[in-house]
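Here the structure is laid out as structure tokens; the discussion comes afterwards.
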Amino acid sequence: MRYTKVGSLFSLAGIPILTRLFPLFLVWGDFAFSQTETYPAGLISIPSDGHFSDSTFVVDKDARKLAVYKLQGDLPKKFAEHPADIGKNHGPKERANDYRTPVGIYFLGKELTQPEIPFDLYGNFAFVTDYPNVFDQRDAKTGKGIWLHAVPDKVPLTRGSRGCVVVRNDVIKDLRGMVKTEQTPMMISEQIDYLSEVEYKNQRASFLKHFEDWRSAWENQDVDKYMKYYDVSFRNDEMNFGQWYKHKKRLKQQYAYIKVQLSQPLILMNKDQVVIRSLQRYESNLHKDYGEKTIHARLSDETGFKIIREDWVTLPDPAITLAPMSQSAEIPRAAVTTK
């Protein structure tokens with residue numbers, strides 16, 4: 001287990017060093033030491049509205065473990081942990097046939113079963129991931145066929161895979177019930193960083209405060225301030241950065257007002273990569289829509305938070321109010337973006 005000092009979205013205040021160096025407390029009477037609860041740094045925000053998956057899979061390559069986290073109250077709780085196998089070669093995947101497991105944020109897709117897959121290689125079940133994802137493609141990484149799958153009991157979990165994450169057959173059967181197709185994330189890291197509860201909540205609050213600043217700039221149609229959150233390399237399926245800027249300027253001239261409701265977002269971070277998903281209801285005097293927004297962004301001390309891509313899927317509007325962030329969790333109302 002590794003403890004880390006967390007930076008911020010735009011310079012989060014540091015946590016006193018003693019809270020990081022002494023995560024143990026003494027139980028007087030029997031003088032036994034017990035470890036305080038810690039939380040993976042990358043699980044910034046986990047929604048609880050039922051649309052998104054209620055489980056997040058976290059893979060630590062160094063520890064060769066796959067852990068399952070679920071939201072309990074306002075904190076991610078580890079519900080299970082299992083031994084796992086990874087690629088034969090060390091380091092993040094860069095190219096096809098390098099026998100390395102990628103590092104990043106992936107979502108579990110299609111389920112494969114027998115006879116689609118041979119039992120002796122993949123066990124009873126396998127789930128395809130979206131490798132190479134947006135970040136991988138931008139970084140010119142190649143290869144495909146990265147799965148979460150099982151192996152029979154007779155096969156050791158130390159032989160090394162071709163790049164997949166591998167668990168026992170009985171484990172994949174348990175995990176299967178937690179997978180929501182295209183929604184369950186699997187975060188893969190070389191080594192997981194863990195935070196204290198104070199650090200975790202401060203990180204989350206800082207993240208969501210700046211998203212609220214972003215939302216406010218967008219809703220107030222302050223296009224120049226709004227566009228500061230976008231990287232010059234931004235593009236979606238239709239527009240690049242310059243076209244997006246001009247599009248927003250045109251909308252400012254057309255719309256008398258803009259309103260948005262957002263559900264509690266899923267926010268995941270791995271190194272400099274950030275993925276955000278949120279349900280969104282958008283309204284102006286000329287246009288209304290409802291759907292799911294996915295954002296990919298880069299985060300660094302030098303540039304701050306910069307969006308590189310947005311994707312939108314229209315959904316039937318359930319005509320319910322999307323609840324803002326829980327104030328009891330010390331989180332300001334968050335927002336992401338709009339069309």
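The values are calculated or read from the model by the stated rules, or taken from the named source; none is laboratory data. Being a predicted model, the structure only gives us computed values, none of them experimental. As a convention, Cβ positions derive from the backbone with ideal geometry for all residues, glycine included, and neighbour counts pool all protein chains shown.
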Tell me, yes or no, whether region 171-181 has at least one residue that is more than 21 Å from Val59 (Cβ to Cβ) and not small (Gly, Ala, Ser).
-> no
Among the candidates Lys70, Lys88, which residue alone is touching a Ser or Thr at 6+ places or on another chain (Cβ under 9 Å) and over 26 Å from His210 (Cα atoms)?
-> Lys88
Residue set Val275, Val232; condition under 25 Å from Ile44 (Cβ atoms) and more than 19 Å from the chain's Cα centre (by Cα); output residue Val232
Which numbered condition Lys144 misses (of (1) buried (at least 21 other Cβ atoms within 10 Å of the Cβ); (2) closer than 28 Å to Asp311 by Cβ) | (1)
Subset of region 217-255 (residues that are in a helix (DSSP H, G or I), loosely packed, with under 14 Cβ neighbours inside 10 Å and of a type in the set (Gly, Ala, Ser)) | Gly242
Which one of the conditions (1) touching a helix residue (DSSP H, G or I) at 6+ places or on another chain (Cβ under 8 Å); (2) in a strand (DSSP E or B); (3) not aromatic (Phe, Trp, Tyr) does Asp153 fail to meet, given that it meets all the rest?
-> (2)
Residue count, region 64-90, condition in contact with an Asp or Glu (Cβ under 9 Å, 6 or more places away or on another chain), touching a residue at least 60 places away in the same chain (Cβ under 8 Å), part of a loop (DSSP other than H, G, I, E, B) and surrounded by fewer than 20 Cβ atoms within 10 Å (Cβ to Cβ), comes to 3
Number of the exception - Asn133 against (1) in contact with a helix residue (DSSP H, G or I) (Cβ under 8 Å, 6 or more places away or on another chain); (2) in contact (Cβ under 8 Å) with a residue 12 or more places away in the chain; (3) within 19 Å of Glu310 (Cα to Cα) = (1)
Return the residue satisfying two criteria in turn: it lies in region 136-151 and is under 20 Å from Thr113 (Cβ atoms) and in contact (Cβ under 8 Å) with a residue 60 or more places away in the chain, and of such residues it is farthest from the chain's Cα centre (by Cα).
-> Val151
Can you tell me which of Phe52, Phe57 is over 20 Å from Trp147 (Cα atoms), crowded, with 16+ Cβ neighbours inside 10 Å, in the same structural domain as Asp136 (by TED's automatic domain parsing) and not polar (S, T, N, Q)?
-> Phe52
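Please go through region 290-337 and pick out each residue that is of a type in the set (Lys, Arg) and modelled with pLDDT of 90 or more.
Hits for region 290-337 are Lys293, Arg298, Lys306, Arg309.
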Is there a residue in region 112-123 that is in contact (Cβ under 8 Å) with a residue 24 or more places away in the chain and in contact with a Ser or Thr (Cβ under 9 Å, 6 or more places away or on another chain)?
-> no
